[in-house]
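The structure appears right after this line, and notes come after that.
All of the numbers you see were taken from the coordinates with simple rules; none came from a lab. This structure is a prediction, so every number in the text was calculated from the model and none was measured. Cβ atoms come from the backbone with ideal geometry, glycine included; neighbour counts cover every protein chain shown.
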Amino acid sequence: MLDKSTIHQAVRQRYGALAEQVPVIQSTAAGCCGDSPGEGDCGCGADLYDASLLEGLPVDVTGLSLGCGDPVTIAALRPGETVLDLGSGGGIDCFLAARQVGETGYVIGVDMTPAMLAKANASKARMGVANVEFREGQIEALPVDDSTIDVVMSNCVINLSPDKPAVFREIFRVLKPGGRVSISDIVTEGAFSDDLRADMLRWSECVSGAIDASDYTAMLRDAGFEDIHIVDKVDTDDIVPPQPGMPRIFSARITATKPA
Ligand SMILES: C[S@@+](CC[C@H](N)C(=O)[O-])C[C@H]1O[C@@H](n2cnc3c(N)ncnc32)[C@H](O)[C@@H]1O
């Protein structure tokens, strides 16, 4: 198993390069997964969202959509809520959430890749959005105060983390009592071989860092969450063809609550 900083470095390198290529992403539909031989993208992209939600968003935002679901709609946000997006990338979910929480609400996006933060901040300035803030940081040590967040969302990011229990502990710490979690992520049924776990390209493509859904649930429970659900699993077999040492891979939505 590779050490945490090696994984962070590989992930930062991949998403830093993607952030610099927004027009390329637009024209090829490359996503979070799928540069490896024999693979396409994992269905990531702006077509994950109802088209009406995307109206008015610039191409630098929709063209840098690298998620695997729509955690904003799942979250059923209310005006005035404070929302945190883990691994905010080009900012698509933050900008969508900002519209829903309104001017009395606030959205914080955290990402560790400077080029992604630069894109997101440039889009924020161009759009004149006041209730979104992007912070540089790692999701394993969030730059966010305790018990200040109503909803934590994340889109195709936690699978990339080398320390998922730390991520879930951090989510629990920053949520207010009764706060909720709305995540879209890649999960598996079964485990990857050690060789695939050590494959940094596959890891950074949102493939081999993914964990079994029951382990995901156990980690959330260990962090203190209740009412945990992993549902709507979408099979990615046709996109990431099964190979020896590869478990079944799904895009799923994950919800949970911090006890009140
Ligand atoms: C697959 S992209 C998803 C971006 C965005 N959520 C979206 O839906 O378009 C993953 C993003 O998470 C960020 N990321 C990955 N691991 C991270 C970590 N450990 N801490 C902070 N950011 C991370 C990457 O820099 C990248 O911007």
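The distance from the alpha carbon centre of region 206-256 to that of region 149-188 is 13 Å, rounded to a whole number. Histogrammed with a bin width of 5 Å, the alpha carbon distances of region 87-158 distribute as 3, 17, 29, 28, 17, 5, 0 percent, first bin at zero. Between the beta carbons of Asp195 and Ser147, assuming R0 = 35 Å, the FRET efficiency works out to 0.25 to the nearest 0.05.
Go ahead and collect, in residue order, the members of region 89-103 whose backbone nitrogen is under 16 Å from a label point 7 Å along the Cα-Cβ direction of Lys176. It comes to 101-103, nothing else.
Each Lys or Arg adds one and each Asp or Glu subtracts one; over the other residues with Cβ under 10 Å from the Cβ of Lys4, this totals -3. Using the Karplus relation 6.51 cos²θ - 1.76 cosθ + 1.60 with θ = phi - 60°, the per-residue 3J(HN,Hα) values for region 201-217 come to 5, 4, 5, 6, 8, 6, 10, 7, x, 5, 10, 4, 4, 6, 5, 4, 4 Hz, with x marking Gly and Pro.
Extending 7 Å from the Cα toward the beta-carbon at both Val59 and Asn121 defines two label points whose distance is 2.5 nm. How long is the gain from Glu136 to Ala218 if the chain were fully straight, where each residue apart is worth 0.36 nm and the alpha carbon distance is subtracted? Fully extending the segment from Glu136 to Ala218 adds 26.7 nm. Using 0.36 nm per residue and subtracting the Cα-Cα separation, the extra length available between Arg99 and Asp163 on full extension is 19.9 nm. With the convex hull drawn over the C-alpha atoms of region 4-257, the volume per residue is 110 Å³. Could you give the alpha-carbon Rg of region 170-221 over 2.2 N^0.38 Å, rounded to two decimals? That ratio works out to 1.37. For the residue pairs Lys4/Lys124; Lys124/Lys176; Lys124/Lys233, alpha carbon separations beyond 29 Å are given by Lys4/Lys124; Lys124/Lys233. Adding -39500 (n - 2.57) for every DSSP H run of four residues or longer, then dividing by how many residues the chain holds, sets the calculated 222 nm ellipticity at -9500 deg cm²/dmol.
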